[in-house]
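Taking it in order: structure first as structure tokens, then the write-up.
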Amino acid sequence: MTRRRVSRGCGKLILFGEHSVVYGVPALVASLPMGATAWVRESSENMLILRDGRDDTIHFRTSPDDSGTPVERSASALFSAFTSDACHEVEVTLDIPIGAGLGSSAAFATAAARALSDFIPGSPSPDPRVLEAVEASEAIFHGDASGIDARAAMGKGVFRFVRDQEEEPRAIATKRSIYIAVCEAGPPCQTSVMVERVRALHKRQPQVGESLNRLVGDIVFQAQRAFEDGDTQMLGELADVNHGALVAMGVSTPELDHACHLARAAGARGAKLTGSGGGGCCFAIAERDSIANVMEVWDRHGLRPLQTVL
Ligand code: MEV
């Protein structure tokens, strides 16, 4: 039986604007070089296998089922987007932490959908079913998802994202490389739970919710200019303020706050949680000569850091 290496889906780092993006505020996001790789082959039944490539363990081995677990329903959405006479086994390996704010669900769905599209004869190129399938899968995992993870999983570099915007986002360039360290500050948390928590705050305190969203909109506006200029000092300061807004929204944790403090004390220009919060990852912006200090202190605290350059 032929086995083909097929496709990649990127992880993502929301630099500025998570949660507020659900309410139409722009966000600044980076597609990561890390993410998911999918292989596909013909099989006697449709089957999805999700492997954690960092410790080489199988997380899920599941058949599509519309009434089952989120992963089973996601598998169903993916397979039903690509009708075929044959059945397929899709195996996806992730090289980013699962459920930790780096877009693992969108990366896995993108890699799987691209793999199916590529493997099934007669698929158009580009194939609009890929994004549709990923968005359907994301709605299962994230509830009222803005679509930011699905876009980033396609691999766009750094871009500004606005919910429900028709046109393709365009990559934004920077004059200087920006050094980023990311760590796993706490255990994974479900995005839909944190999105609901913020929605409840908006319901209880509509004006406070709106003020926080306006503040985040201002941060994103300034951050885009700072990114274009390669101004790490400004980016770091804005990251700290955005983290404060996320604390006010109720989505940070003592572990995330502590990891940000550790990074700042190790010389980072600034740090914030990334993604839905409630656990998961945070990142720090540092100069080239201090990024190793941040990585070292997080490593010493067992926070499994990784580094990237934007
Ligand atoms: C999750 O990666 C980002 C959130 O803003 C939710 C979303 O935009 O769908 C928390």
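The values are calculated or read from the model by the stated rules, or taken from the named source; none is laboratory data. Bear in mind the structure is a predicted one, so any value in this text is a computation, not a measurement. Because the Cβ atoms are built from the backbone with ideal geometry, glycine has one as well, and the counts that use them run over all protein chains shown. Heavy atoms of the whole protein, side chains included, go into the accessibility calculation; ligands, DNA and RNA do not. Shrake-Rupley method; radii C 1.70, N 1.55, O 1.52, S 1.80 Å.
For the reader, a short list of remarks on this structure follows.
- Sites ARG300 and GLN233 - FRET efficiency at Förster radius 30 Å, r taken between beta-carbons, to 0.05: 0.70
- Of the three principal axes defined by the Cα atoms of the stretch 174-310, the extents in descending order read 45, 34, 21 Å.
- Averaging the sequence gap over all C-alpha pairs within less than 8 Å and six or more residues apart, then dividing by the number of residues, gives the stretch 1-98 a relative contact order of 30 percent.
- Stretched out straight at 0.36 nm per residue, the stretch from ALA171 to HIS258 would grow longer than its current Cα-Cα span by 28.1 nm.
- Accessible area per residue for the stretch 1-138 is 39 Å², calculated with a 1.4 Å probe on protein heavy atoms, without ligands, DNA or RNA.
- Simple label model, 7 Å out from Cα along Cβ direction - ALA200 to HIS59, nm: 2.5 nm
- Cut-off under 5 Å, modelled amide H: who pairs with ARG163 long-range: GLY24
- Projected label distance in nm at VAL208 and CYS87, using a 7 Å step from Cα toward the beta-carbon: 5.3 nm
- Sequence-ordered 3J(HN,Hα) estimates for the stretch 123-137 from the Karplus curve with 6.51, -1.76 and 1.60 and θ = phi - 60° stand at 5, x, 9, x, 9, x, 5, 4, 5, 4, 5, 5, 5, 5, 5 Hz, glycine and proline given as x.
- Of the accessible area of the stretch 84-124, computed with a 1.4 Å probe over protein heavy atoms only, carbon and sulfur atoms account for 49 percent.
- Two-site FRET efficiency, SER43 against VAL193, from Cβ-Cβ distance with R₀ of 45 Å, rounded to 0.05: 0.85
- Converting phi to 3J(HN,Hα) with the Karplus coefficients 6.51, -1.76 and 1.60 and the offset θ = phi - 60°, the stretch 230-238 yields x, 8, 5, 4, 5, 4, x, 4, 5 Hz in sequence order, with x at every glycine or proline.
- Surface accessible to a 1.4 Å probe, HIS142 within the full protein complex, Å²: 20 Å²
- Distance histogram in 20 Å bins (all Cα pairs of the chain, percent per bin): 35, 56, 9, 0
- For the stretch 1-104, alpha-carbon Rg over 2.2 N^0.38 Å: 1.21
- Per-residue ³J(HN,Hα) for the stretch 149-166, Karplus 6.51 cos²θ - 1.76 cosθ + 1.60, θ = phi - 60°, Hz, x for Gly and Pro: 5, 4, 5, 5, 5, 6, x, 10, x, 9, 8, 8, 10, 10, 4, 6, 6, 5
- Largest-first principal axis extents of the Cα set of the stretch 210-285 (Å): 34, 32, 15
- Whole-number accessible area per residue in Å² for the stretch 228-270, which is evaluated in the context of all protein chains at 1.4 Å: 40 Å²
- As a length-normalised measure over Cα pairs under 8 Å and 6 or more apart, the relative contact order of the chain settles at 21 percent.
- 25 Å Cα-Cα reach of LYS175 towards lysines, excluding residues that sit fewer than 8 places from it in its own chain: LYS12, LYS156, LYS272
- Radius 9 Å from Cβ of ILE148, net charge of other residues (Lys, Arg +1; Asp, Glu -1): +1
- With all protein chains modelled, accessible area of CYS189 [1.4 Å, Å²]: 40 Å²
- Solvent-accessible area of the stretch 177-310 (1.4 angstrom probe, protein heavy atoms only): carbon and sulfur portion equals 50 percent.
- For the stretch 46-189: rounded, prolate or oblate by the Cα gyration tensor [a/c cutoff 1.5]: oblate
- Solvent-accessible surface (1.4 Å probe) assigned to SER44 amounts to roughly 110 Å².
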